[in-house]
Amino acid sequence: MTTTPAEPGLEGRLQAGFDATIARHDRIEPRDWMPDAYRRTLIRQIAQHAHSEIIGMQPEGNWIGRAPSLRRKAILLAKVQDEAGHGLYLYSACETLGVSRAELTELLLSGRQKYSSIFNYPTLSYADVGTIGWLVDGAAICNQVPLCRTSYGPYGRAMIRICKEESFHQRQGYELLMTMMRGTDAQRAMVQESVNRFWWPSLMMFGPPDAQSPNSERSMAWGIKRNSNDELRQKFVDMTVPQAEALGVTLPDPGLRWNEERGHYDFGEPDWAEFAAVLRGDGPCNAQRLAHRRAAHEEGAWVREAATAFARRSAQEAQEAQEAQGAREAREAQRAQGARKAQAAQDTRPAGEGAR
Amino acid sequence: MSTEPGSIAHGSVQPGSVQPGSVEPGSVEHGGIDHGSVFDGLLGGDSSQWAFGTDFEDPLAGVDTTTPDGVDGAELAAYCLMLGDDALIMSQRLSEWCSRAPDLEEDIALANIALDLLGQARLLLARAAAADPGVVPALPEGSPVPPEDALAFFRGDRDFRNVRLAEVPNGDFAHVVVRLLLFSTARLALLERLRAGRDHVLAAVAAKGVKEVAYHRDWSGRWFLTLARGTDESRRRLLAALDALWPLQAELVAPHPLERSLAEAGVGVDPASLREEVDAVLAQVLAVSGVERPDRAPLAGVGGRTGRDGLHTEALSLLLAEMQVVARAHPEGRW
């Protein structure tokens, strides 16, 4: 038997097991022990991701009614519907950490939990539907693909499915822009104008520069996060530049050029003051997005109450019916037993007695 | 129909169109992740491998679109517009619910139903254009706008043949439940009969639609019962919606001369023949829910003319103003 200076307590052994799982790059599952801070960080991150999907329905949903072809209308409606589906998977993943969807919704509506700031920008033309697919979903995929390997099992598995669908959306967005670029001059101008508006906010989606990212280091150590903000931002720029060239649009950054030495594109600095303002709640659509969500939630309250009341009543009626059935069966059983007894009594009656 | 998110969404638009190759879960799981792989296929390659292709695909490609013997092409086209416009306008109203439903599950369900009806509309408008190219509005020469879109986005409100029930503005959740129950009850009865019609395209559209609309009726019927027997508030709202929409119900089963004529030709369905079944289904839902059939007269037309005649409520031209604004600004646009 090995002698250790101090026998670790239960907490210490649990922590050691957790650390070993993380070190092996294995998954932590809902019933495994985990440090409280790990749980809190995950809830914050998954909830923020779920909220982003739900709030993210609005900027594109804004154009469903005006989609310029029936095929585009179907594609867009299906895409926004997928976002609701992603929100569902993520809220479910979050619920495995011991917090309910209703609580999370409340945290969103009261502004105590955030969602991705990109959705606080307005959608002003139909080209924005394509640009959001190409740049915003593209940036989201860059952020999310590493999360498929995140240390928390339910989150990682939800992300695998979400990434598949996001990648499908990204192609659809790029395809819309490609098609518009083959259309009229007015359409090409619309695409360029849209890209000009969304380029910098897309770069901001990777979060503040690494030096100013307060939560990054611990999330990396826990295997919740796998790459730094700046690494992912660089990857996104490197992938997007050739796509922009193929599309025939200019990215609105005079500092954008290939750096042979680094083997990457150099690019300019996003306006971090604007990023901070939008994060603070002063973006073009922060108030509008939350008000829309709050209105939908409040206007639906009576429906959710009705569904709960109906379910309770149905369950109660089913139980009463079951009890009534049970009572009926008991009465019948009793009667049957009585009859059997009577029969038995008759059968055991001495012969001749009945004839008397 | 599955209400599982993701699968529905893609399935409703174009089954089997998802190309999962770019982000295989397996490859993601086994480390060595390559972010670039996510974007495979964005550049170069054959565009037709993409989800929806980059060109418009004729939804009726490969289907025999010749008009059945003894049927007037213009009449058939007008009939297809009636059924197609019902689906299109209903879909437009339902899609307004997107991101506004009481719960995520119902948001997904309503989008699903809107997508089903949009799919039916596309096939029916394309059929109308094939039966009589004369119904398609004229666009500038060389315009790439396909016929289904020319019909959806470049007709004025007086050329729309939908029933007025489809176009009236949305109300609360009880309103969408009642509207959909009335609409889908009549449409299901109609599509069931249309499957046996002599027009191959209409019969095929109907066969596909029956499964979809059966789900729509089921969804709205279950919510009707839930709201009727939920809380006092939900019952009050349900009864108000039923009262408001009931006058528009009769139009669903009121025959237009054109519908009669096509029914006689064995191509269409006479809505009057649906009355018995529609009444029985609605009576059943009302009875289970403990709701009286409203005592409300049908909404009058103008000089006897209603939706099927192109005579609508004030709501339709506003709905179309929104729906058509981008398409009309770019009559030579490619989308």
* Assign unit charges at the C-beta atoms only (+1 for Lys and Arg, -1 for Asp and Glu), then state the dipole size of region A:16-126 relative to its Cα centre in Debye, rounded to the nearest 20. => 460
* Structure fact -> Computed curve, region B:73-329, Cα-only Debye sum without solvent term, log₁₀ I(q)/I(0) at 0.07, 0.13 Å⁻¹, is -0.23, -0.80
* For A:Asp36 paired with B:Arg195, estimate the spin-label separation in nm (one decimal), with each label point 7 Å from Cα along the Cα-to-Cβ line. => 6.1
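In square nanometres and to one decimal, what's the mean projected area of the convex hull around the Cα atoms of region A:200-342?
Details: hull surface 76.4 nm².
Seen from a random direction, the Cα hull of region A:200-342 projects 19.1 nm² on average.
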* Asked: Can you list residues whose amide H is under 5 Å from A:Tyr152's amide H, if they're 5+ apart or on another chain and H is modeled 1.01 Å from N?
  -> A:Ile28
* To do: Find which of B:Pro331, A:Ala277, B:Val177 sits farthest along the positive direction of the dipole of the protein assembly as shown, computed with +1 on the beta-carbon of Lys and Arg, -1 on that of Asp and Glu, about the Cα centre.
  => B:Val177
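Looking at the P(r) of the protein assembly as shown, how many percent of alpha-carbon pairs lie beyond 33 Å?
55
What are the semi-axes of the equivalent ellipsoid of region B:179-335, taken as the square roots of 5 times the eigenvalues of the Cα gyration tensor, listed largest first and rounded to whole Å?
Numbers: eigenvalues 158, 102, 64 Å².
With the √(5λ) rule applied to region B:179-335, the semi-axes are 28, 23, 18 Å.
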* Structure fact -> Once the in-chain neighbours fewer than 8 apart are removed, the aspartates and glutamates whose Cα is under 12 Å from A:Lys114 read A:Glu53, A:Glu106
* Stokes-Einstein translational diffusion, region A:68-203 - Kirkwood Rh over all Cα pairs, 0.890 mPa s, 25 °C, in µm²/s -> 151
* Structure fact -> Between the residues B:Val302, B:Leu190, B:Leu110, the Cα farthest towards the positive end of the dipole of region B:73-329, that dipole coming from +1 and -1 charges on the beta-carbon of Lys, Arg, Asp and Glu, is from B:Leu190
* Structure fact -> Output for chain A (equivalent-ellipsoid semi-axes, sqrt of 5λ from the C-alpha gyration tensor, Å, descending) is 57, 31, 18
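Tell me, what is the FRET efficiency for B:Ala138 and A:Asn196 to the nearest 0.05, using R0 = 51 angstrom and their Cβ-Cβ distance as r?
Details: r = 36 Å, r/R0 = 0.70.
Step by step, r from the Cβ atoms, then E = 0.90.
Throughout, read-outs are computed from the coordinates displayed, never taken from laboratory work. This is a predicted model, so every value here is computed, not measured. All Cβ positions, glycine included, derive from the backbone under ideal geometry; neighbour counts span all protein chains shown.
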